[in-house]
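Just below is one structure, and these are the notes that go with it.
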Amino acid sequence: MKKGTREQNIKRIIDMEDRIVKCNRCQELTQCIRRPSLGKGDLQPQLLMVFECDNKFTKNREAVLELRSMLIKHLNTEKIYYTFMDRCQPKACAVKENTNCFMSNKLIDKEYNCLLTNQKCEGIPIKPSVDVLMNCLPYLMEEIEILRPDYVILFGTRVGEYVLKSCGVFDLAEVNTNFHYNGSHYIICVDETKFTEESAIKIKSLL
């Protein structure tokens, strides 16, 4: 399958994002978020970065730009897109756990106030479960299929493990390993919080 034009990619990504926004596979999670985490960047990318979820690091614009700059410097491309394996960051919430709540609609307003307490959401971000990731994974694989980048950087072995298996590769997911699938070169690297200049140099050596 050939790479799509920018216009084709935009249309297909918008269609996919509409389905993600309407997704209700994990209703307990969607009640406590305003909007799922969606991809950003060049829509004809040479390089696609995959983070496990939208976390403290990825919400820090300066940190993401610094990581991106290292990849631009060593991989010689500015056509970069980044996305997430998990779209709805799970939260540990004592209020919700201790409340008999039968509502199926949103429990958080536009100002991120909890409708159960009328105060700012105090949910603590936690790692996504296996079930959550399995519900989200088809969207990630569809996104990669739409954009068809030359390189896919998988941040962390957990992302590597799930994506490898989705590609039919059942080898152990290890940092600084790579494989080819459907025209793209996949590289597993350290997670984003541990990424350094040396990490970018190592990725270049694997290409």
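Each reported figure results from applying straightforward, stated rules to the coordinates on display, with no laboratory input. What you see is a predicted model, and the numbers here were worked out from it, not measured in a lab. All Cβ positions, even for glycine, are placed from backbone atoms using ideal geometry, and neighbour counts span all protein chains on display.
A few remarks follow.
- Cα pair distances of the stretch 107-188 binned at 10 Å [whole percent]: 15, 38, 21, 17, 9, 0
- Given 15 as the ceiling on other Cβ atoms within 10 Å, longest exposed-site-free region of the chain for GluC sites (Glu not before Pro) in DSSP loops: 1-77
- Count Lys and Arg as plus one, Asp and Glu as minus one, and take only other residues whose Cβ is under 10 Å from that of GLU111; the net charge is then +2.
- Listed residues VAL64, VAL130, ILE187: farthest to the positive end of the dipole of the chain (Cβ charges): VAL64
- Modelled label reach - ASN105, point 7 Å along Cα→Cβ, the stretch 1-33 residues with backbone N closer than 18 Å: 22-24, 27-33
- Sparsely packed loop sites in the stretch 86-173 (the trypsin sites (Lys or Arg not before Pro) outside DSSP H, G, I, E and B with at most 12 other Cβ atoms within 10 Å) comprise LYS110.
- Ascending count of other beta-carbon atoms within 10 Å, so fewest first, for VAL175, VAL50: VAL175, VAL50
- Each of TYR181, TYR112, TYR162 has some number of other Cβ atoms within 10 Å of its Cβ, and from fewest to most they run TYR112, TYR181, TYR162.
- Of SER184, SER37, the sequence from fewest to most neighbouring Cβ atoms within 10 angstrom is SER184, SER37.
- Annotation: the antiparallel percentage among DSSP beta bridges lying fully within the stretch 112-199 is about 60.
- Among beta bridges that DSSP assigns inside the stretch 1-152, antiparallel share in %, nearest 5: 50 percent
- Computed over the stretch 15-123, relative contact order equals 33 percent, with contacts defined as Cα pairs under 8 Å that lie 6+ residues apart.
- The local environment of ASP171, defined by Cβ-Cβ distances under 13 Å, has a net charge of -1 under the rule Lys, Arg +1 and Asp, Glu -1.
- The stretch 145-207: proportion of alpha-carbon pairs further apart than 20 angstrom, %: 21 percent
- Residue-count net charge about PHE57 - beta-carbon cut-off 11 Å; Lys, Arg +1, Asp, Glu -1: -2
- The orientation-averaged projection of the convex hull spanning the C-alpha atoms of the stretch 6-65 amounts to 5.1 square nanometres.
- Calculated [222 nm] ellipticity per residue, helices only, for the chain: -11500 deg cm²/dmol; basis is -39500 (n - 2.57) per DSSP H run with n ≥ 4, divided by all residues, nearest 500.
- Pairs from the table (LYS73/LYS204; LYS3/LYS165; LYS56/LYS91; LYS59/LYS110; LYS3/LYS202; LYS3/LYS194) lying more than 21 angstrom apart at Cα are LYS3/LYS165; LYS3/LYS202; LYS3/LYS194.
- Proportion of all alpha-carbon pairs of the chain beyond 29 Å (%): 28 percent
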